[in-house]
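A quick write-up on the structure given underneath.
The values are calculated or read from the model by the stated rules, or taken from the named source; none is laboratory data. Predicted, not measured: the structure shown is a model, and the values here were computed from it. Neighbour counts run over all protein chains shown; Cβ positions are idealised from the backbone, glycine included.
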Amino acid sequence: MTNFLTDIQSRLDGIKSEGLWKTEREITSPQGGHISVGGRDMINLCANNYLGLANHPALVAAAKTALDEQGFGMASVRFICGTQDLHRQLEERLARFLGQDDTILFAACFDANAAVFEPLLDAQDAIISDALNHASIIDGIRLCKAKRYRYANADMTDLEAQLRAARDDGARHIMIATDGVFSMDGYLAPLDKIRALADKYDALLMVDDCHATGFMGPKGAGTPAHFGIKPDVLTGTLGKAMGGAIGGYIAGPQPVIDLMRQRARPYLFSNALPPAVVAAGIAAIELVENGDALRKQLFENAAYWRAGLADAGFDLLEGEHPIIPVMLYDAEKAQALAARLFELGVYVSGFFFPVVPKGRARIRTQMNAALTRDDLDSALAAFRQAGKDTGVIA
Ligand SMILES: *Cc1c(COP(=O)(O)O)cnc(C)c1O
C-alpha cells in the first residue's frame, strides 16, 4: 500500500511539474452568462450552455412540477420499475425532434457511447473511427468485438482507404463513427461527404452530436440537419445546449433501439433518470424547436466575439461553430492567460494535454445566447489586457 501510494504521488508530482495540473473553481451561483466565483461576478465563456438554457425559468418550473408530482428518484433501472410516462414522452419527443424512429435514454452520453457499439456489432464487423472522436466513443469501441480502423481527423481520403481495407478484410457490417462537432477545435465533421462514402461502401454512419444538438442546423436538429443528411445511429446529450443538466440518448431505427433496451449494459445495469431532469428535457425540446431567436443571438454573438479576438491579434482556429479556440500552444502560457483573465473578471479555462495533443494548448472560448453585447465588449477588453500582460499579443 505504501509503495502504491508513493507511486501515485510521484505521478501526481509529474503532472504538476509538467504544468498539466487541473484545478476546480467553486461556483456559488446558477450556471449562466454571469456566474459568481469566490464572491466575485464573472463573465463565463467556457460553459456548454450555448442557448443559455441551463437556468431557464421554463426548465426550472418544469423540473419543480415534476419533482412535486412525480417525486425525486426512481430507485430502479428502467426495465424493473424505473419507467415513468415522462421517460417515454421524452424518448418520443427526442425521436421526433431528431427525425429518427425512436430514442433510448441513458444517464449520460458517455454511457450512450459506451453502450451503443457492443450489442450492434461483433467480431465479423468493423468500426471505422475518426482519430479525434470523443473519449466515450473510443471507450465504447474498446468494449465491442468489432475490428477497429481509424482515420485521420475528417480526412476523407483516409476514410475511404479504411473503408476499402475493412471491405477487403471481409467485414460483414461496417460502421463509421464520428463526432458531429469536434469539441476541442469547433470543427464540423463533413457529414455530407461521410454519408456519401458510407453509402458507396454500404457502411452505417454513427454520429455523436453532443456539441450541436439544439443549435446547429434548421430548428437546432444538429449537424446532420446542418448538412441535410441522416445518420443511421445518433447519440447526444441533455447536458449541453439542451438544458445542461444530465442525460444522454441513442436515437435510431426501431430495431436498433429495441435491441439497446434488451442488451445495452449501461441501460440495463444503471439507474433511470430522475423525473425532474426528464420533464425539463421535454421542456427544453419545446424551447429549442421554437428557438430561432436564441440561435440567431448565439451566432451573432459568436461572429462578434470571433471578429473582436482576431482584431486584438489572437491566434484563432477558423470555423463557424460557437466554440472559438484561442491558440497558445504551450500549456503554461494557456494557464497564465486564463489566470490573468480570471483576475480581470472573465472565466475561461486552459485546455492542454491530455484533452488536446501536447503542444496544442489553448483557451477554448464558447459563446452563448445569454451574453449581451456589453458582456462581450467587457470580455474583449479583458482579453486585450490579459493578452498584453502575458505577452501573448503585442
Ligand atoms: C460532452 C460529450 C459527451 C459526453 O456527454 P455527457 O452527457 O456529458 O456524458 C460525449 N460525446 C461528446 C462529443 C461530447 O462532447
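If you check I257, I250, I246 for being within 16 Å of L94 (Cα to Cα) and surrounded by fewer than 21 Cβ atoms within 10 Å (Cβ to Cβ), only one passes: I246. The requirement of being in contact with a Lys or Arg (Cβ under 6 Å, 6 or more places away or on another chain) and within 16 Å of the ligand (Cβ to nearest atom) is fulfilled somewhere in the stretch 259-273, by at least one residue. Taken over the stretch 99-128, the criterion of being part of a helix (DSSP H, G or I) and either buried (at least 23 other Cβ atoms within 10 Å of the Cβ) or without any contact (Cβ under 8 Å) to a residue 40 or more places away in the chain (or both) is satisfied by C109, D111, A112, N113, A114, A115, V116, F117, L120.
Would you mind stating whether N153 is within 16 Å of M206 (Cα to Cα), in the same structural domain as M260 (by TED's automatic domain parsing), within 12 Å of the ligand (Cβ to nearest atom) and not basic (K, R)? Here the answer is no, as N153 does not meet what is asked.
Evaluating A196 against the criteria (1) within 16 Å of the ligand (Cβ to nearest atom); (2) of a type in the set (A, V, I, L, M, F, W, C); (3) over 17 Å from N133 (Cα atoms); (4) not in a loop (DSSP other than H, G, I, E, B) leaves one unmet condition, (1). Given the structure, is A135 without any contact (Cβ under 8 Å) to a residue 40 or more places away in the chain, within 15 Å of the ligand (Cβ to nearest atom) and either surrounded by fewer than 22 Cβ atoms within 10 Å (Cβ to Cβ) or under 23 Å from the mean Cα position of the chain (by Cα) (or both)? Yes. Please indicate, with yes or no, whether at least one residue in the stretch 360-373 is assigned to a helix (DSSP H, G or I) and within 30 Å of P190 (Cβ to Cβ). The answer is no; no qualifying residue exists. Tallying residues that are within 10 Å of the ligand (Cβ to nearest atom) and part of a loop (DSSP other than H, G, I, E, B) within the stretch 220-241 yields 3. Taking the conditions exactly as written (at pLDDT 95 or above, over 16 Å from M206 (Cβ atoms) and away from the ligand (no atom under 16 Å from the Cβ)), does Q84 satisfy them or not? It is true that Q84 is at pLDDT 95 or above, over 16 Å from M206 (Cβ atoms) and away from the ligand (no atom under 16 Å from the Cβ). Set side by side, the residues G244, G222, G228 differ, and just one is without any contact (Cβ under 8 Å) to a residue 60 or more places away in the chain and at positive phi, which is G228.
If only one of L238, L191, L234 is closer than 17 Å to Y151 by Cβ and either modelled with pLDDT of 95 or more or among the polar types (S, T, N, Q) (or both), which one is it? Of L238, L191, L234, the one residue that is closer than 17 Å to Y151 by Cβ and either modelled with pLDDT of 95 or more or among the polar types (S, T, N, Q) (or both) is L191. From the list A63, A107, the lone residue that is within 16 Å of the ligand (Cβ to nearest atom), modelled with pLDDT of 95 or more and touching a Pro at 6+ places or on another chain (Cβ under 9 Å) is A107.
Restricting attention to the stretch 199-219, the residues being more than 12 Å from the ligand (Cβ to nearest atom) and either closer than 26 Å to D125 by Cα or without any contact (Cβ under 8 Å) to a residue 40 or more places away in the chain (or both) number 9. Based on what the data block shows, is Y187 surrounded by fewer than 21 Cβ atoms within 10 Å (Cβ to Cβ) and within 14 Å of the ligand (Cβ to nearest atom)? For Y187, the condition - surrounded by fewer than 21 Cβ atoms within 10 Å (Cβ to Cβ) and within 14 Å of the ligand (Cβ to nearest atom) - is met.
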